[in-house]
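In what follows, a structure is listed as structure tokens, so that the remarks can point back to it.
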Amino acid sequence: MSADRLLIIVEDDDNFAKALRRSFERRGYEVIQAASLEETAGLLESRSPGYAVVDLKLGGASGLSCVQALHAHDPAMLIVVLTGFASIATAVEAIKLGACHYLAKPSNTDDIEAAFGRAAGDATAPITERPTSIKTLEWERIHETLVETGFNISETARRLGMHRRTLARKLEKRQIR
């Protein structure tokens with residue numbers, strides 16, 4: 001197996017990671033797997049993957065630290081961030097830290113592999129006039145506050161000035177993973 005087809009998956013959901021791993025292995029990738037920044041650092045001591053798929057939320061930690069470590073290990077590595085907590089703020093930070101793409105879950109192997117192929121960006125991408133909806137702005141603010149509070153729902157509700165049950169209902173509708 002050539003080293004340029006080595007992929008690391010950094011994902012704390014073991015079932016999702018295994019499914020993703022099998023799918024990439026069927027496509028000819030050699031796959032290694034980690035569930036945390038510490039495991040990732042350990043694997044990077046002996047391996048040098050050309051590709052990475054990183055979950056934004058790793059338990060209580062941020063996957064952005066993994067993106068930073070992977071990029072520092074090899075700036076040419078193509079890193080795709082997957083998240084169920086998509087926001088403009090985290091997308092910008094992921095790209096600044098070295099990710100080539102940022103995908104919202106659910107994303108499949110086709111989406112991820114296509115993202116690896118679009119790493120360079122496209123200056124001719126059309127600019128669409130789509131105003132941001134109130135619901136989108138509300139969701140982004142909720143997500144931002146959740147991140148600030150370490151995903152503490154009670155504290156997030158307090159900071160947003162809403163009842164905890166109201167926030168819980170909003171989160172149930174979005175089915176965050």
Positions within the range 79-118 being basic (K, R) and closer than 16 Å to V67 by Cα, in sequence order: K96
Residues satisfying the stated conditions in the range 20-43, i.e. among the basic types (K, R) and free of Cβ contacts under 8 Å to residues at least 12 places away in the same chain: R22, R26
Failed item, numbered, when E39 is tested on (1) out of contact with any Gly (no Cβ under 7 Å at 6 or more places or on another chain); (2) surrounded by fewer than 19 Cβ atoms within 10 Å (Cβ to Cβ); (3) in a loop (DSSP other than H, G, I, E, B): (3)
Hits in the range 153-177 (condition: assigned to a loop (DSSP other than H, G, I, E, B), at pLDDT 90 or above and either exposed (fewer than 13 other Cβ atoms within 10 Å of the Cβ) or not assigned by TED's automatic domain parsing to the domain that holds I142 (or both)): G161, H163
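The values are calculated or read from the model by the stated rules, or taken from the named source; none is laboratory data. As the structure is a prediction and not an experimental result, all values here were calculated from the model. Quick reminder, even Gly has a Cβ in these numbers, built from the backbone with ideal geometry, and neighbours come from all protein chains shown.
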